[in-house]
Amino acid sequence: MTNKPIPAELFAPADRKDDADKITRPTIGFWKDVLRRLLQNKLAMFGFFLIVVMLIMAFLGPQISGYSYFQQELTHMNIEPNGQYWFGTDTLGRDLFTRICFGIRYSLLIGILAAAMDFVIGVSYGGIAGMASSKVDTLMMRIAEIAYAIPYMLIVILISVTMGKDQGASLYTLVLAMSITGWVPMAIMVRGQVLQLRENEYCLASQSLGGSKKHILTKHIIPNTLGPILVNITLSVPRAIFAEATLSFMGLGLQPPQPSLGVLATDGLEVMGIGLFYQMLLPALFISLIMFSFNVFGDGLQDALDPRLRK
């Protein structure tokens, strides 16, 4: 058996590559990664698409139709959907497409204003409670728990009846009624986040450098809780819209001729007995679409903001 010589090139030193230590995957910021994962959620994007369509209908629909929401044409009463009247007409000959567009506008306006009130009151109250002493925190949270123990719809109905006029509650009265106890879940969530984050190193470092509690809360803690806050706001909008539709359906919300979706559903219910189902189904359909779109978009946003689901 002959021993073959080992080739000398096998003992040559390995070539060093200059880019061997480079990270091949680019660094992605937190919000860019949230947007990327949100765009990959098809159901959430479908909900966002529906929200955009609703906004377009609310503000451009009446201009497209060319009709007024209060204009009556008694010769065109109860016309079913056709080329001239896309959603038909009601018992007074008013164009239902225009009235539904205005109803969507009122519903979105009430939902967004109520969510804004919940944001301002809830973040302020929860932030102060989380940064205060234990006695003040306990007192503030007991007050919040008492307010939260009152049924939501009951307090909304009581405020609407008390502050409403003979012809029903105004838009701002409804927003105020929904904000009486609607801020409590936001406050509880923000307080929990503040209690958790105020012990982190960057908060302790800011405190050691002389930073006040207000500075730490506004500059360090609140920006790091924007994710849960945004999710809470997104999910509080459909709750306010559903409450408004329920009150209007019961006759305690916006009243005719203001075309709230709840008012339109009530008007449609009165004529279902004579076979005019479209006057009831169309407002109910758009109420359901608004609720569905905000809920699925809020769920998708919550998943996108969850770091445990990051891939």
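Does Gly93 satisfy the criteria of being touching a residue at least 24 places away in the same chain (Cβ under 8 Å) and in contact with a Leu (Cβ under 6 Å, 6 or more places away or on another chain)?
Working: touching a residue at least 24 places away in the same chain (Cβ under 8 Å): no; in contact with a Leu (Cβ under 6 Å, 6 or more places away or on another chain): yes.
It is false that Gly93 is touching a residue at least 24 places away in the same chain (Cβ under 8 Å) and in contact with a Leu (Cβ under 6 Å, 6 or more places away or on another chain).
Kindly indicate the residue of the stretch 176-216 that is of a type in the set (Ser, Thr, Tyr) and in a helix (DSSP H, G or I) and also nearest to Asp137 (Cα to Cα) among those meeting that condition.
Per the criteria, the residue is Thr181.
Can you tell me how many residues within the stretch 54-83 are assigned to a loop (DSSP other than H, G, I, E, B) and without any contact (Cβ under 8 Å) to a residue 60 or more places away in the chain? Can you show your working first?
Step one: filter the stretch 54-83 for residues assigned to a loop (DSSP other than H, G, I, E, B), giving 66-73, 77-83.
Now narrow it down to the ones that are without any contact (Cβ under 8 Å) to a residue 60 or more places away in the chain: 66-68, 71-73, 77, 79, 82-83.
Here the count works out to 10.
If Leu74 satisfies all but one of (1) closer than 29 Å to Tyr278 by Cα; (2) modelled with pLDDT under 85; (3) surrounded by 14 or more Cβ atoms within 10 Å (Cβ to Cβ), what's the number of the condition it fails?
(3)
Name the one entry in Thr218, Thr246, Thr173 that is surrounded by fewer than 18 Cβ atoms within 10 Å (Cβ to Cβ) and under 30 Å from Leu96 (Cβ atoms).
Testing whether each residue is surrounded by fewer than 18 Cβ atoms within 10 Å (Cβ to Cβ) and under 30 Å from Leu96 (Cβ atoms) leaves just Thr246.
Quick check on my filter: what residues within the stretch 258-275 are of a type in the set (Val, Ile, Thr), within 18 Å of Ile290 (Cβ to Cβ) and open to solvent by 10 Å² or more (accessible area, probe 1.4 Å)?
Correct list: Thr266 only.
Pairs please, first residue from the stretch 101-127 and farther than 26 Å from Tyr67 by Cα and of a type in the set (Ser, Thr, Tyr), second anywhere and part of a helix (DSSP H, G or I) and open to solvent by less than 10 Å² (accessible area, probe 1.4 Å), Cβ atoms under 8 Å, 6+ apart in sequence or on different chains.
Tyr125/Ala144; Tyr125/Ala187; Tyr125/Val190
Return only the number of the condition from (1) of a type outside the set (Val, Ile, Thr); (2) in contact (Cβ under 8 Å) with a residue 12 or more places away in the chain; (3) farther than 24 Å from Gly126 by Cα; (4) surrounded by fewer than 16 Cβ atoms within 10 Å (Cβ to Cβ) that Leu209 does not satisfy.
Status for Leu209: all satisfied but (2).
Read through the list (1) open to solvent by 30 Å² or more (accessible area, probe 1.4 Å); (2) over 22 Å from Thr89 (Cβ atoms); (3) under 14 Å from the mean Cα position of the chain (by Cα), then give the number of the only condition that Gly227 fails.
It fails just one condition, (1).
Write out, first by first residue and then by second, each pair whose Cβ atoms fall under 6 Å of each other, whose residues are 6+ apart or on separate chains, and whose first residue, in the stretch 132-156, is more than 13 Å from Ala187 (Cα to Cα) and touching a residue at least 60 places away in the same chain (Cβ under 8 Å) while the second is assigned to a helix (DSSP H, G or I) and among the hydrophobic types (A, V, I, L, M, F, W, C).
Val156/Ala177; Val156/Met178; Val156/Ala243
The values are calculated or read from the model by the stated rules, or taken from the named source; none is laboratory data. None of these values were measured; they are calculated from a predicted model. Heads up, the Cβs are rebuilt from the backbone with ideal geometry, glycines too, and the neighbour counts pull from every protein chain shown. For the accessible areas, the whole protein counts, side chains as well, though only heavy atoms, and no ligand, DNA or RNA atoms are used. Shrake-Rupley method; radii C 1.70, N 1.55, O 1.52, S 1.80 Å.
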